[in-house]
Amino acid sequence: MKDIVVIGSLNMDLVMQAARLPKLGETVLCNENYKMIPGGKGANQAVAVAKLGGKSIFVGRRGNDSFGTTLASNLKKSNVITNYLTIDKKSPTGMALVMIDKNGDNSILVSAGANRECCKKDIDKVIPVLAKASILVVQLEIPFEIVSYAISLANKYNVPVLLDAGPARKLPNNIFKKIDIISPNETETEILIGVKIKNIETAKIAAKKFLNLGVKTVILKLGEKGALLATGKEIHYVKGIKVKTVDTTAAGDAFTGALAVGYAQGKSLLESVSYANYVGALTVTKLGAQSSVPTKKEVEIFMKKK
Ligand code: RIB
């Protein structure tokens with residue numbers, strides 16, 4: 001299998017679990033002590049790629065601090081290639097405050113730190129690898145200018161681009177035609193194109209809108225309801241898999257990593273989405289971001305049981 005290049009963020013997640021999330025101006029006590037767990041959308045996706053058997057190359061920026069060291073060694077432990085992880089001398093490593101309620105749903109605040117300093121030079125270092133990669137995976141947790149630069153380079157070398165559109169923000173219309181696969185969740189879809197997904201019919205409307213903007217393949221992550229896959233030729237709804245939810249953090253990242261691996265292995269789009277759906281479901285059964293991403297073996301066992 002050829003390399004999968006993931007360009008994006010890495011954060012130390014400060015995870016707090018409580019019965020419910022605080023309202024504005026309110027203080028809520030947690031049930032347990034906080035935990036520090038490696039996270040960041042880019043790093044989570046790179047770890048998912050590696051744990052699922054892909055050759056994962058991560059490109060990002062961390063601070064020159066202990067969180068940065070821990071995150072880098074966790075990436076290495078997960079078999080992610082970290083040669084393109086730059087150490088920023090001024091900014092701290094990115095950090096996220098992840099608040100989880102009793103249903104496993106979360107609210108996340110991110111302090112970008114070194115992620116914000118990602119620059120074109122960081123991306124240029126990986127060009128020889130990117131030019132021969134099977135797919136480029138990007139998200140929106142580093143400056144958009146850099147994401148856009150990476151996408152243009154991938155286009156130049158005919159490397160397909162998978163955009164995981166979190167954290168969502170309005171994007172310029174001209175970016176969509178440069179994207180081969182977009183995989184937003186319901187919230188991200190509403191921010192990106194203004195369509196509120198309430199059911200499968202509205203999901204189909206949203207997918208069409210992305211296709212009309214120039215994206216080649218749309219994969220809408222519908223949480224416990226599963227996923228919708230749409231191209232100019234086919235449209236499929238893949239049902240959600242019932243599990244006991246502990247924490248939904250990084251389920252979308254694991255889903256995206258699984259999609260990239262499926263693509264790199266030459267699976268059909270539908271096979272890849274169906275596999276990613278199992279990976280996402282298994283991820284919500286454990287606490288934390290990178291700690292909850294399953295291995296290839298764990299997914300195989302889970303798929304046999306379901
Ligand atoms: O997608 C989950 C991730 O979002 C967390 O790990 C947190 O770091 C934020 O980037």
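Read-outs throughout are calculated quantities, based only on the coordinates presented, and are distinct from any laboratory measurement. The structure presented is a predicted model; accordingly, all values stated were derived computationally and were not measured. All Cβ positions, even for glycine, are placed from backbone atoms using ideal geometry, and neighbour counts span all protein chains on display.
Some points to look at:
- The chain - share of DSSP beta bridges that are antiparallel (%, nearest 5): 40
- Relative packing of peptides 3-14, 131-142, 204-215 - highest average C-beta neighbours within 10 Å first: 3-14, 131-142, 204-215
- For the stretch 13-23, Karplus couplings with θ = phi - 60° (6.51, -1.76, 1.60), whole Hz, Gly/Pro x: 8, 9, 9, 10, 10, 9, 4, 8, 7, x, 7
- The stretch 30-132 - share of DSSP beta bridges that are antiparallel (%, nearest 5): 50
- Packing-based order for 25-37, 225-237, using average beta carbon neighbours within 10 Å, highest first: 225-237, 25-37
- Taking 30 Å as the limit for the C-alpha separation, the pairs Lys178/Lys204; Lys55/Lys305; Lys76/Lys132; Lys156/Lys296; Lys120/Lys297 exceed it in the case of Lys156/Lys296; Lys120/Lys297.
- Computed log₁₀ I(q)/I(0) - Debye formula, equal Cα scatterers, no solvent, the chain, q 0.08, 0.11, 0.15, 0.16 Å⁻¹: -0.31, -0.60, -1.18, -1.36
- Counting only Cβ charges, +1 for Lys and Arg and -1 for Asp and Glu, the dipole size of the chain around its Cα centre is about 600 debye.
- Averaging over all projection directions, the Cα-based convex hull of the stretch 124-254 occupies 8.5 nm² in the image plane.
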